[in-house]
Amino acid sequence: MKRALFLCGILAATLLAFITMDASAQTNQAALDNIFSRKSVRSYTEEAVTPLQIETMLKAAMSAPTGMNVQPWRFVVVTEQATKEKLAGGFNKMIAKAPVVFVVCGQTIRNGRLNGNWTADCAAATENLLLAAEALGLGAVWTACYPYDDRMNPAIEALGLPEDVKPYCIIPVGHPAGKDKPKDKWKPENIHYEKW
Ligand SMILES: Cc1cc2nc3c(=O)[nH]c(=O)nc-3n(C[C@H](O)[C@H](O)[C@H](O)COP(=O)(O)O)c2cc1C
């Protein structure tokens, strides 16, 4: 009897070990850690961002979900100083100082009508791009453009955007100059379960 109980105990412990092992094998902790460590970075060193890093960030952006898979995002990659300064305008000096700047734009018209999802799609692409920057050890920040005319107009002019393409946001990217830390935004009071 004692022996049977002992064997049952061993069996249960082994099963439990397998179950927990399986759960941890399915968790991509590195991906979660990258999300938790992302933060806005607004100052950069002069070190260049490589073409491969730029392409990786664009690939991540284009992996975002998109309403009806329309993919209305368009990206303008800017490294020329004069253009960066025009984009920075009076409001965002960090844009002029970053080695590379992404302008996330949206094709607003689809089949002759407004695509109501274009801002949500561009936001999803923007977050993916920011996460890729974090994963590459780079620093980046989402700076607003749409729907503010004083921010959109300089971008439209500097980039020569067609009328149906709007600049959604501007993301300066570079190697972090400081030691910015992620903010803890976990607030259980912002969550409602089942009903408000
Ligand atoms: C829609 C949107 C617009 C933003 N616009 C600006 C901006 O114009 N300038 C800026 O410095 N940061 C901007 N940010 C970055 C926020 O200030 C930043 O995400 C927030 O303070 C939280 O900090 P964290 O990104 O480090 O978590 C923007 C973020 C979002 C989502």
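Values quoted throughout were computed directly from the atomic coordinates according to the rules given, and no laboratory measurement underlies them. Predicted, not measured: the structure shown is a model, and the values here were computed from it. A quick note on method: Cβ atoms are made from the backbone with ideal geometry, for glycine too, and the neighbour counts reach across all protein chains shown.
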* Listed residues Ala155, Ala132; which is touching a strand residue (DSSP E or B) at 6+ places or on another chain (Cβ under 8 Å), assigned to a helix (DSSP H, G or I), touching a residue at least 60 places away in the same chain (Cβ under 8 Å) and not charged (D, E, K, R)? -> Ala155
* Structure fact -> The number of residues in segment 158-196 that are on the phi < 0 side of the Ramachandran plot and in a loop (DSSP other than H, G, I, E, B) is 21
* Structure fact -> Scanning segment 59-83 for residues that are free of Cβ contacts under 8 Å to residues at least 40 places away in the same chain and in a helix (DSSP H, G or I), the one nearest to Thr45 (Cα to Cα) turns out to be Gln81
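Here is a check on your reading of the model: is Ala48 part of a loop (DSSP other than H, G, I, E, B), aliphatic (A, V, I, L, M) and more than 14 Å from the ligand (Cβ to nearest atom)?
Yes, satisfied.
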* Could you run through segment 108-122 and say how many residues are out of contact with any Ser or Thr (no Cβ under 8 Å at 6 or more places or on another chain) and surrounded by fewer than 18 Cβ atoms within 10 Å (Cβ to Cβ)? => 8
* To do: Filter segment 88-100 down to residues that are within 13 Å of the ligand (Cβ to nearest atom) and touching a residue at least 24 places away in the same chain (Cβ under 8 Å) and give me whichever is surrounded by the fewest Cβ atoms within 10 Å (Cβ to Cβ).
  => Phe91
* Every residue from segment 141-178 that is surrounded by 15 or more Cβ atoms within 10 Å (Cβ to Cβ) and among the acidic types (Asp, Glu) -> none
* Asked: Which residues, counting only those in segment 114-161, are closer than 26 Å to Thr50 by Cα, of a type in the set (Asp, Glu) and in contact with a Lys or Arg (Cβ under 8 Å, 6 or more places away or on another chain)?
  -> Glu134
* **Residue check, Pro188 surrounded by fewer than 17 Cβ atoms within 10 Å (Cβ to Cβ) and over 21 Å from Ala48 (Cβ atoms)** => yes
* Taking Pro182 and the conditions (1) within 12 Å of the ligand (Cβ to nearest atom); (2) under 26 Å from Gly89 (Cα atoms); (3) in contact (Cβ under 8 Å) with a residue 40 or more places away in the chain; (4) surrounded by 12 or more Cβ atoms within 10 Å (Cβ to Cβ), which numbered condition does it fall short on, given that it satisfies the others? -> (2)
* Answer with yes or no whether Glu134 is surrounded by 19 or more Cβ atoms within 10 Å (Cβ to Cβ), among the acidic types (Asp, Glu) and within 12 Å of the ligand (Cβ to nearest atom). => yes
